[in-house]
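Only the coordinates and a few stated rules stand behind these numbers; no lab work does. As the structure is a prediction and not an experimental result, all values here were calculated from the model. Heads up, the Cβs are rebuilt from the backbone with ideal geometry, glycines too, and the neighbour counts pull from every protein chain shown.
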Amino acid sequence: MSEPLLVIKDLVIEGYQEEQWNGIVHGVSLSLNRGEVLGIIGESGAGKSTIGIASMGYARPGCRIVSGSINFDGVDMAMASEDRLREMRGVRVAYVAQSAAASFNPAHRIVQQFTETPVVHKVMGFGAAEQKSKDLFKSMDLPDPENIGRRFPHQVSGGQLQRAMVAMAMSCDPDLIIFDEPTTALDVTTQIEVLAAIKDAIREHNTAALYITHDLAVVSQIADRIMVLRYGNEVETGETRQMIENPKEDYTRELLSVRKVHQDKADIEGLGNDILTVKNITASYGNGVRVLEDVSMAVTKGTTVAVVGESGSGKSTTARVITGLLPPEMGEILFHGEPLAPSFKDRPQDQLRRIQMIYQMADVALNPRQKVKDVIGRPLELYFGLKGDAKKARVKELLEKIELGENYMDRFPSELSGGEKQRVCIARALAAEPELIICDEVTSALDQLVAKGILKLLQDLQNDLGVSYLFITHDLATVKAISDEIVVMYQGKVVEQGPRDEILTPPHHDYTDLLLSSVPEMDPDWLDGVLEHRKELEARGVVNLRT
Amino acid sequence: MNSALKLVIEAPVAAKLGMIIVLLNVLAAVFAPVIAPYSETEIIGDTWEGGFWDSEAPEHDPPALLGTDHIGRDLFTRLIYGARNTIGIALVTTMLAFAVGISLGFLAATLRGSVDQIISRSVEVLMAIPTLIFALMVLSVLGTEVHILIVVIALLDATRVFRISRAVAMDVEVMEYVEVAKLRGEGLWWVMRHEILPNTMAPLLAEFGLRFCFVFLFIAALSFLGLGLQPPTADWGSMVRENAEGINWGIIVPLFPAGAIALLTVGVNLIVDWFLHKASGIRDIE
């Protein structure tokens, strides 16, 4: 057992982009022992997924393995024939992707997909594989392991599906599993369950794993060692505990510190005057299911109200009601004491101007065929009648506000990075000179350091312009960082609201407690501790976690 | 302009070939009176005289390269004038079909609800009737003047354009940037023109090329049946019909207009294929 299971030496991978080959991974080496878990962390574009799948001898279309060796238990995966690789994949090396929902075939039952790999590879017959699925579902803590396999993927929740996928990866008892951001798409409270299940399962089966994520706190719960990557280069590698407590490199330290950005408030004239009041809103989408029930909240001038909750808690729906995209069934919305028309179509243009929105996915919020100057210039033209040079000057001014230069004017969205796109969206909202900006998960799709930059920008702008934010997010770290008031939502209702410090200091409402305790901390012992805490909460019947 | 030139230079060989074919046809259509040795209706000799391949054919000055047609007109001249009529009418028809189809399609996709229902169901009723039979019926009632021909074919084709533009606009309409524009207070026309149209250009352009081929094949078919362009106007479809009988006597004259139809169809499709490929390429990168 002294031989390492996986040894990667000087791996170089290139990707074809803009008609030339560019390096993605520049000579990374690693080794992994049997039963060991190596966490690979880094921001997007660091090459972590590329290394992950390369260890199965695979390169994505448009990528090629240029040099280096990938030695998996005596076989060079970079050189092996396609037939040889096919024998290994799924049986000895398995892969768990980020989105289980996208990886399962929605037309087949879970058990059919589970048994496919062992049956095709002739590891076991259908009957044996089916039995195995039940055992694994049980060890994954899935409800009703005997029958859950008979369901279709859409009939189980996201967290359950992710666990089923981990079970599927383990169907042939592989020596190595590659986890590619398996919990990134999940809510914090669900993430814990999946994390705990993965941890138990690999420990029990003594499986080695590469755990790829951008979240240092998550990886520290599960990995024995951590490797930090940046721009396709290794930054440092070390034992988990030592990495968390005593990182050597500045970049690692920066990753560790991103969760703190809070600033003091500047003096803003009229600070605290009511801008938006949402009163007893009840709303549903056509099918009669109530998505919001009796929701009330208020936003005052120059402050940030954070709306937190898991997916399905109705926080985005609240935004849709406020903007008028979804007229409420009951209740009213007051803007400066005046009632707003339920549908945006009936609101005067000036009211539309004063409430702006920034979306989670800057990709789809920007028209790919419009240049930056047109994106930002259009509201100026529409609301203020600016044209020609006056418009250009104002666009330039706005670009400076969002810390981008004049040379961005003629770029198309595809020529911008994720963070830059989000900045352009912010500039577009600012162009309307709004009083309230609704931010719907604006940092969720971004890397930590980029997200930190965006949050800082939003805070600067608030101090500068006195604009108010309704900040919708599921990320409690963000909430802690920027909010003045917090509204906690659960299943379409407001469970608790108040000033930030009041909500964040115990005693909490039980659901807030669950939410807060689910945020991973940079402490390798955190997961075990929190699971204990959860059992207590469950015993008190607060929330049913086994949904 | 520079980038357009670059685009053409970097195009694959097949697309270039298509461009050359289309360009030749367009040149022939535009400069028909200059290029053609005779006038469109002038009778220069006997029925079905041989062309350059036949050494025993009677001499003409200027020479009748491709021989004469069933009443002794110069076939080469007729082919060139045919290009003008066939391509011109097909182009106008296709553009009209697209203007109508895209407007209705975008309206249906943006407004949804009852507007969508009414337009979509009416279009389905029209589509349920075989096009050729419907066209034959309408044309025999209304007559076969050129403008009627254009309007009838354009309306029939607009149903197909409506289908595709509604489908692609639906995809774009759910994008958040469209929501942003609506929330900004933009009017319907602005949203359709600035947000939806630029993002549906690629599939619509490709469809334009295909539709254009279908339209002139359709006109050729109608002319062949006697309900398209009326003699003595030269168009490729009627030229095939008029000379079809000659095939029985081993006379190859009808193959020339038929070949012209085939060539232009292939040419346009080569360009369309390239467009489609490029359009899907853009999607890959995004």
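Of all residue pairs spaced 6 or more apart or on separate chains, those with beta-carbon atoms under 9 Å, a first member in region A:448-461 that is under 18 Å from A:G45 (Cα atoms) and a second member that is of a type in the set (A, V, I, L, M, F, W, C) and surrounded by fewer than 20 Cβ atoms within 10 Å (Cβ to Cβ) are A:Q448/A:V258; A:L449/A:V258; A:A451/A:V258; A:A451/A:A445; A:K452/A:V258; A:K452/A:V261.
Scanning region B:67-115 for residues that are in contact (Cβ under 8 Å) with a residue 12 or more places away in the chain and of a type in the set (K, R) yields B:R73, B:R78, B:R84.
If you go through region A:175-190 and keep only what is surrounded by fewer than 24 Cβ atoms within 10 Å (Cβ to Cβ), in contact with a Gly (Cβ under 8 Å, 6 or more places away or on another chain) and not in a loop (DSSP other than H, G, I, E, B), you end up with A:D180, A:T190. With the checklist (1) under 30 Å from A:K421 (Cα atoms); (2) of a type in the set (S, T, N, Q); (3) more than 14 Å from every other protein chain (Cβ to nearest Cβ) in hand, flag the one item B:S140 doesn't pass. Answer for B:S140: the failing condition is (1).
If the condition is being out of contact with any Ser or Thr (no Cβ under 8 Å at 6 or more places or on another chain), part of a helix (DSSP H, G or I) and over 19 Å from A:K48 (Cβ atoms), then region A:198-218 contributes A:K199, A:R203, A:H205. Scanning region A:336-364 for residues that are assigned to a helix (DSSP H, G or I) and over 12 Å from B:V180 (Cβ atoms) turns up A:K345, A:D346, A:Q349, A:D350, A:Q351, A:R353, A:R354, A:D363.
For beta carbons closer than 8 Å, sequence separation of 6+ or different chains, a first residue in region A:197-225 that is free of Cβ contacts under 8 Å to residues at least 40 places away in the same chain and a second that is in a loop (DSSP other than H, G, I, E, B), the qualifying pairs are A:I198/A:P182; A:H205/A:M170; A:H205/A:D173.
Entry remark, region A:345-364: residues being within 11 Å of another protein chain (Cβ to nearest Cβ), closer than 21 Å to A:V467 by Cα and within 33 Å of the chain's Cα centre (by Cα) number 10 in total. Taken together, the residues in region A:268-317 that are closer than 18 Å to A:V442 by Cα and assigned to a strand (DSSP E or B) amount to 5. So for region A:290-298 (the condition being under 27 Å from A:L504 (Cα atoms), in contact with a strand residue (DSSP E or B) (Cβ under 6 Å, 6 or more places away or on another chain) and loosely packed, with under 14 Cβ neighbours inside 10 Å), does at least one residue qualify? Yes: one or more hits. Those helices (runs of 4 or more DSSP H) of region B:169-261 in which 2 or more residues are in contact with a Ser or Thr (Cβ under 8 Å, 6 or more places away or on another chain) and within 14 Å of chain A (Cβ to nearest Cβ) occupy B:197-225.
Of the strands (runs of 3 or more DSSP E) lying entirely inside region A:1-115, those carrying at least 2 residues that are of a type outside the set (S, T, Y) and under 22 Å from A:I222 (Cα atoms) are A:6-17, A:20-32, A:37-41, A:93-96. Apart from one condition, A:L326 fits all of (1) surrounded by 17 or more Cβ atoms within 10 Å (Cβ to Cβ); (2) within 27 Å of the chain's Cα centre (by Cα); (3) within 29 Å of A:S417 (Cβ to Cβ); the exception is (3).
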